[in-house]
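Enquirer: Pasting in a structure now, in structure tokens, and then I'll have a few things to ask.
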Amino acid sequence: MLEECNQQLATTKFEKSRMGDASETQLQMTDIPEKATLEIEIKTKNDIKNHKQVPKNDQAFKSEIIHYQKLLGDYEKTISSQCLELEKLKQEHETTSRHFATLELAFSDVLQKYDRSKVIVDGFKSNEEALTQNLQIAEEKLRQNEAKYESLKTYAKSQIEKYCLTLMISILTFE
């Protein structure tokens, strides 16, 4: 990425040298640091032409050139640091995207397990209701059978007592 930024700067410098006296209206660029660098270089070239036409103090001219070169160096450093920061942000974005995708898969699995568990619990509830109804029916039949047993038991006792009484009477009569 840093190499790309350096290539862009080199390309920009080459284009600037080809442009010569290009006006500022032709330099409508979206990248502000490059635009600022181009503007400074255009101003520098205009100043150089003005200095050639009007003889001035060479020392002031050289110091101005050095000043502009320092500014260009600062802008190049800023652009390269921004390119490095952009690369770091892209890597962080990729990492975050992978984590998000993993989290999404995990959530999907948990949701599927929850849905399956919900179906199983609903099945257990319906089985519980059916078993509860069967238990109530069985308890009712048990009570009916116990009542029937008690009535038969009482009837059998009464019959046994009746036969015993009849037997006793017949034994007494035969004796």
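Enquirer: Residue by residue through region 34-39, which ³J(HN,Hα) values in whole Hz follow from phi under the Karplus form 6.51 cos²θ - 1.76 cosθ + 1.60 (θ = phi - 60°), with glycine and proline marked x?
Expert: 5, 4, 5, 5, 5, 4
Enquirer: Okay, moving on. How much length is gained on full extension from residue 162 to residue 77, taking 0.36 nm per residue of separation minus their Cα-Cα distance? Don't skip to the answer; put the middle values down first.
Expert: On the way: separation 85, 0.36 × 85 = 30.60 nm, distance 12.45 nm.
Stretched fully, the residue 162-residue 77 segment lengthens by 18.2 nm.
Enquirer: From the P(r) of region 48-175, could you give the percentage of C-alpha pairs in the tail past 22 Å?
Expert: Numbers: 6382 of 8128 pairs.
Above the 22 Å cut-off, region 48-175 has 79 percent of its Cα pairs.
Enquirer: Starting with the fewest neighbours, write out 78, 95, 37 ranked by other beta-carbon atoms found within 10 Å of each beta-carbon.
Expert: On the way: 78 13, 95 10, 37 23.
Lowest count first: 95, 78, 37.
Enquirer: Over all directions, what mean area does the Cα convex hull of region 106-175 project, stated in square nanometres? Provide the component values of the computation, followed by the final result.
Expert: Working: hull surface 25.0 nm².
Mean projected area of the Cα convex hull: 6.3 nm².
Enquirer: Another one. Short version: ³J(HN,Hα) in whole Hz for each residue of region 109-118, in order, from phi by Karplus 6.51 cos²θ - 1.76 cosθ + 1.60 (θ = phi - 60°), x for Gly and Pro, what are they?
Expert: With the stated coefficients, region 109-118 comes to 4, 4, 5, 5, 5, 5, 4, 5, 5, 5 Hz.
Enquirer: List 34, 94 from most exposed to least, where exposure is judged by having the fewest other Cβ atoms within 10 Å.
Expert: Numbers: 34 17, 94 10.
The fewest-first ordering by Cβ neighbours comes to 94, 34.
Enquirer: Right, something else. Please give the contour-minus-distance gain from residue 136 to residue 175: 0.36 nm per residue of separation, less the Cα-Cα distance, rounded to one decimal in nm.
Expert: Numbers: separation 39, 0.36 × 39 = 14.04 nm, distance 5.74 nm.
Answer, rounded to one decimal: 8.3 nm.
Enquirer: Once you've got the Cα coordinates, tell me which of 35/70; 118/141; 45/70 are over 23 Å apart.
Expert: Numbers: 35/70 17 Å; 118/141 35 Å; 45/70 15 Å.
In this structure, 118/141 exceed 23 Å between Cα atoms.
Laboratory data are not the source of any read-out in this text; all were calculated from the coordinates shown. Nothing here was measured: the structure is a model prediction, and the numbers come from that model. Every residue, glycine as well, gets a Cβ built from its backbone with ideal geometry; the counts of neighbours run over all protein chains shown.
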